[in-house]
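Everything on this sheet refers to the single structure shown next.
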Amino acid sequence: MADFVGRTIATNDGGNNIRPGAGSGQNRMGDRNMSFNTRLGASTIATDDIGHDVTRLYTIVETALMNMPANDAAASELRPTEAARMREMLSATWDAVREWLSAHPSQSDRQQAAMHQGQFLTTALHMVCKLNDPPVDIVNSLIECAEETVTWPDSNGWLPLHHACANGASGRVLSALVTAYPEGKVQQDKRFRTPLHFAFFRKDAHEDHRTVTATGKDGGLGRSSSSAGLDARGGGDGDDDDVGNSMPEIVRLLADSGAAELQDEGGMLPMHYASAYGTTREVLEVLLENYPESITKRENKGRNPLHLAMVNAHRKSSPKVVGFLLEKNAPEIINAYDDEHHLPIHLLAMASKFPEEKVLERKNAANCLTLYLNARPKASADFLTAVQTLPEWLRDIAVISDHIQNILNQKIVQRFPTMILILDAVCLLCVIVLFEVTTSNTINYLFTQDDAQPTDLPSSHEALVVITLIIGAYFLMRELVQIISLLALGNFSSWLWDTGNWLDVIVIFFIFFFGAIMLSKDPMMDKETFRSGVALTKGILWISVIFFLKSTRVEFSVFVSGVNYVVQRLAAFLLAMGVILLMFAQMFYIVYAESEECQCTKDYPDAEPFPHCNFKDSLMKVYTMLMGEIGNEMRYSTLPVAQFLYIAFAFLVVILLSNVLIAIVTDSYGVIKNERAAMVFWSNRLDFVAEMDAIKNVGKSIKKCFKMGGGTSGAPTRVQETPNGEPIPIEENEKESLIQFRNAWRSIMNLFDPNLYETYDVGPSSFEFWCYVLVRFAAVVFVIPIWLILGLCTAGWLWPPQVREYLLKQKKVAISRADMAEQVTAQINDLKNEIKKLRVEMKSEMKNDRKEFSQVKAEVEAVQAEVMADLLQVKEIMVTLLDMSRDHLGSGR
């Protein structure tokens, strides 16, 4: 997210921008050199021509600056030929500046030219520092000309040091500026930014200096850590490493006077800038060393460095930043809210709307999410809501992480979620049974009213209907509370896009609609319509059962998602199948129209009708033939055309297309089973747990309003240790009984320890042995069944935690060898596809390189031709001079 806090690097003070290297619109690379050479002049600087022109030095640098690429062009990699031209232009600029200085040895002339202020109150030193990687000798010379100019801010409040930091100046240049004006390190511009803030706008701010040094590359006009980069521009002398050009050393130079503690107008420290724009671990170490509290400081919107790193998670260096911040101070920043009540993961969710083709951005965001979850943030309702709002491709990564799965397992076995699950299951089964009984009674009553002895409704009918409506009211209340809870969390969109919620709404509507009809004993519609509607409602109720099971067991989740996945990918096949069935149904119907077989059907209506005498029956017959009901093939023996159609249908539809259908279903279901089984199940569980947490939060808020709750908000009074050592807060109403129930159940289970007798050294001959047998018998026959029944009657509230964990806690399934082989195969296929893409890209790059090489070759040949022409002219001049000297000598004799 480029605009991470609504601020950009640009300013509108006087129209200047942060990258002064950007020109005023003259960015055409083709005629840039010609324009530049024209403005500088074809010849060297003449003393008598420029001696009294104090603006000449400023104009030289300004001309080069106007020919630099704009911000957007500089941000992207320049083509090699364009970069070479720009380096040549810069080299010519530095030569022109040096020539001007050598042509004006007078200190007064130099001082007057150096102190000249042009547009936006900038001097020649400002303009030089705006250019990429200015040579240190020129900077030193300009400082010697007028040392006070290093302390002059331009119209935006930027010193030459600000410009140098933003535009990739070397460590030696920055050292020269700092030495000339040490207070400049803490000088703030009109937006209260120091040079240290500006340092993170550099192109190499997020690059590992070790990698850059090792490769010795410079992707364009940005500086390289190698001294060769400076020499190529005429700006270095090969000993830059003595000063230090790496980003950590530059930051150390700028931060040692308190600049790391200064905030800009938005309250952002250099640590915030480094986290938002991205940098290396070494740079972050330097910032943290100079201001240890910066890692937890908040800017004006309440965001700490982790918030800014997560909102910019797509950047290449963001995973390193996130990892560093969490490693240094995870407890204080990982669960911090900003002023808009957003966790860092909220900002990641809002900023990660990247399409599939943004592969690198997605990879970086996924790595940041993984690091964040590995730090184990607090399992709050806001956290689970944030996970829900992640884009699907990030949510799939989140739900299979160990931390999320541990949270969901621990929350699902708590009393309240277990109670809701059991109540949902019991109410759903009860409404199916009651609806079956009441609708059957109503249908018998409606369809026997015209008989001589009509059937009356049983006396319990109204009571059963009322109970059905009460259950419907429970479902309605569940949906309303869920909606209110999600509205309070600002995540109502998750309810709208959940298919299960709309299924619940349909169930609730039909329960109340047909319940009202059954209570009034008036169908208010045709009896057949009523019966059809009841049948449809029963089907929807059983579909609700499948959706309920989908949220509790991974097997059902895989099945439901697999069916949905298969149906989505069968659209083209089903369309083709429908066309083929219509084709054969119509052909069979035409072949047998007005035939003897159909005439017999008319003459003998009591006999079995021939299936192709009308189009409707013909279509139904070919469909049943597709399902395997071939029937008596002799029915088609009377007509050769019918025999041919029968054979063609049997081969094309029954054999070929049926096997294609099986292959498609098997392959598609294998995908959902092997690749998305865990994601599907844990996503469903996440939705349910987040819903329960949201409901509990609403309940806590109501308690606070009536002062029914005690203690500090969000501070649990007790926690329990999970098997993996992670503390999970215990609910207030569970804290005492939970421990008692757990210990009691553990004591009962210890009675069945196979090593019990060996531990206490008892045998059949001892009295203790038979006491243990009696206690075991009582536990099996009385205690355990009664406890489980009581727990079921209280919707799981009185169950021991171990029972809830056994029923609801989902264990991780080990990956089989077959699944591993499939994953390896998929990875190999992905690598093959990437290699193919890489080959195509390489061919394209080689083609472009050949074109550029041809252009360079043509330019070299042109220069060579010019040089040869000049040599010929020199030769002719020398010959002429030689002849003239000979003639002169001859005349002298």
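If we scan region 873-881, do we find a residue that is hydroxyl-bearing (Ser, Thr, Tyr) and at pLDDT 85 or above?
First, pick out the residues of region 873-881 that are hydroxyl-bearing (Ser, Thr, Tyr): 880.
Cutting the leftovers down to at pLDDT 85 or above gives us 880.
Yes: region 873-881 contains one or more residues that are hydroxyl-bearing (Ser, Thr, Tyr) and at pLDDT 85 or above.
Give the number of residues within region 302-336 that are closer than 30 Å to residue 830 by Cα and open to solvent by 10 Å² or more (accessible area, probe 1.4 Å).
Of the residues in region 302-336, the ones closer than 30 Å to residue 830 by Cα are 309-323.
Applying the additional criterion that residues be open to solvent by 10 Å² or more (accessible area, probe 1.4 Å) yields 314-316, 319-320, 323.
Residues meeting the conditions: 6.
Any idea which of 529, 537, 552 is polar (S, T, N, Q) and either touching a Lys or Arg at 6+ places or on another chain (Cβ under 8 Å) or open to solvent by 40 Å² or more (accessible area, probe 1.4 Å) (or both)? Talk me through it step by step, then tell me what you get.
On the way: 537 fails: either touching a Lys or Arg at 6+ places or on another chain (Cβ under 8 Å) or open to solvent by 40 Å² or more (accessible area, probe 1.4 Å) (or both); 552 fails: either touching a Lys or Arg at 6+ places or on another chain (Cβ under 8 Å) or open to solvent by 40 Å² or more (accessible area, probe 1.4 Å) (or both).
Of 529, 537, 552, the one residue that is polar (S, T, N, Q) and either touching a Lys or Arg at 6+ places or on another chain (Cβ under 8 Å) or open to solvent by 40 Å² or more (accessible area, probe 1.4 Å) (or both) is 529.
Among the residues in region 473-481, are any of a type outside the set (Asp, Glu), open to solvent by less than 30 Å² (accessible area, probe 1.4 Å), assigned to a helix (DSSP H, G or I) and touching a residue at least 60 places away in the same chain (Cβ under 8 Å)?
no
Of the residues 402, 396, which is of a type in the set (Asp, Glu) and crowded, with 18+ Cβ neighbours inside 10 Å?
Values: 402 fails: crowded, with 18+ Cβ neighbours inside 10 Å.
Step by step, each of 402, 396 is checked, and only 396 is of a type in the set (Asp, Glu) and crowded, with 18+ Cβ neighbours inside 10 Å.
Scan region 574-593 for residues that are open to solvent by 30 Å² or more (accessible area, probe 1.4 Å) and either in contact with a Cys (Cβ under 9 Å, 6 or more places away or on another chain) or over 20 Å from residue 645 (Cβ atoms) (or both) and report the count.
Number of matching residues: 4.
Please state which of the following conditions residue 495 fails to meet, knowing it meets all the rest: (1) buried (at least 16 other Cβ atoms within 10 Å of the Cβ); (2) at pLDDT below 90; (3) within 28 Å of residue 437 (Cβ to Cβ).
For residue 495, the failing item is (3).
Being of a type outside the set (Lys, Arg), in a loop (DSSP other than H, G, I, E, B), surrounded by 14 or more Cβ atoms within 10 Å (Cβ to Cβ) and out of contact with any His (no Cβ under 7 Å at 6 or more places or on another chain) is the requirement here; does residue 457 meet it?
yes
Among the residues of region 89-122, which ones are in a loop (DSSP other than H, G, I, E, B) and surrounded by fewer than 21 Cβ atoms within 10 Å (Cβ to Cβ)? Break it down into steps so the answer makes sense when it comes.
To start, the set of residues in region 89-122 that are in a loop (DSSP other than H, G, I, E, B) comprises 104-106, 115-118, 122.
Of everything in region 89-122, those that are in a loop (DSSP other than H, G, I, E, B) and surrounded by fewer than 21 Cβ atoms within 10 Å (Cβ to Cβ) turn out to be 105, 106, 115, 116, 117, 118.
Does region 559-569 include one or more residues that are over 30 Å from residue 412 (Cβ atoms) and open to solvent by 20 Å² or more (accessible area, probe 1.4 Å)?
Just the residues of region 559-569 that are over 30 Å from residue 412 (Cβ atoms), to begin with: 569.
Narrowing further to those that are open to solvent by 20 Å² or more (accessible area, probe 1.4 Å): 569.
Scanning region 559-569 turns up at least one residue that is over 30 Å from residue 412 (Cβ atoms) and open to solvent by 20 Å² or more (accessible area, probe 1.4 Å).
With the requirement that a residue be surrounded by 17 or more Cβ atoms within 10 Å (Cβ to Cβ), under 11 Å from the mean Cα position of the chain (by Cα) and farther than 13 Å from residue 309 by Cα, what does region 337-360 give you?
354
Here is a yes/no grid of residues against (1) in a helix (DSSP H, G or I); (2) among the polar types (S, T, N, Q); (3) more than 20 Å from residue 351 (Cβ to Cβ):
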position	(1), (2), (3)
274	yes, no, no
289	yes, no, yes
299	no, no, no
306	yes, no, no
316	no, no, no
329	yes, yes, yes
332	yes, no, yes
336	no, no, no
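Take residue 470 and decide whether it is assigned to a helix (DSSP H, G or I), within 27 Å of residue 807 (Cβ to Cβ), hydrophobic (A, V, I, L, M, F, W, C) and over 40 Å from the mean Cα position of the chain (by Cα).
Numbers: assigned to a helix (DSSP H, G or I): yes; within 27 Å of residue 807 (Cβ to Cβ): yes; hydrophobic (A, V, I, L, M, F, W, C): yes; over 40 Å from the mean Cα position of the chain (by Cα): yes.
Considered against the rule, which asks whether it is assigned to a helix (DSSP H, G or I), within 27 Å of residue 807 (Cβ to Cβ), hydrophobic (A, V, I, L, M, F, W, C) and over 40 Å from the mean Cα position of the chain (by Cα), residue 470 comes out as yes.
For region 196-219, indicate whether the set of residues that are part of a loop (DSSP other than H, G, I, E, B), touching a helix residue (DSSP H, G or I) at 6+ places or on another chain (Cβ under 6 Å) and at pLDDT below 90 is non-empty. Steps first, please.
Here is the first cut: in region 196-219, the ones part of a loop (DSSP other than H, G, I, E, B) are 202, 207-208, 216-219.
So of that shortlist, the ones also touching a helix residue (DSSP H, G or I) at 6+ places or on another chain (Cβ under 6 Å) come out as 218.
Now narrow it down to the ones that are at pLDDT below 90: 218.
Yes, because at least one residue in region 196-219 is part of a loop (DSSP other than H, G, I, E, B), touching a helix residue (DSSP H, G or I) at 6+ places or on another chain (Cβ under 6 Å) and at pLDDT below 90.
Could you list, in sequence order, all residues of region 123-174 that are over 42 Å from the mean Cα position of the chain (by Cα) and crowded, with 24+ Cβ neighbours inside 10 Å?
123, 124, 125, 135, 139, 142
The values are calculated or read from the model by the stated rules, or taken from the named source; none is laboratory data. Being a predicted model, the structure only gives us computed values, none of them experimental. Using ideal geometry, Cβ is built from the backbone for each residue, glycine included, and neighbour counts are taken over all protein chains shown. Areas reflect the complete protein model, heavy atoms only, side chains present, ligands, DNA and RNA absent. Shrake-Rupley method; radii C 1.70, N 1.55, O 1.52, S 1.80 Å.
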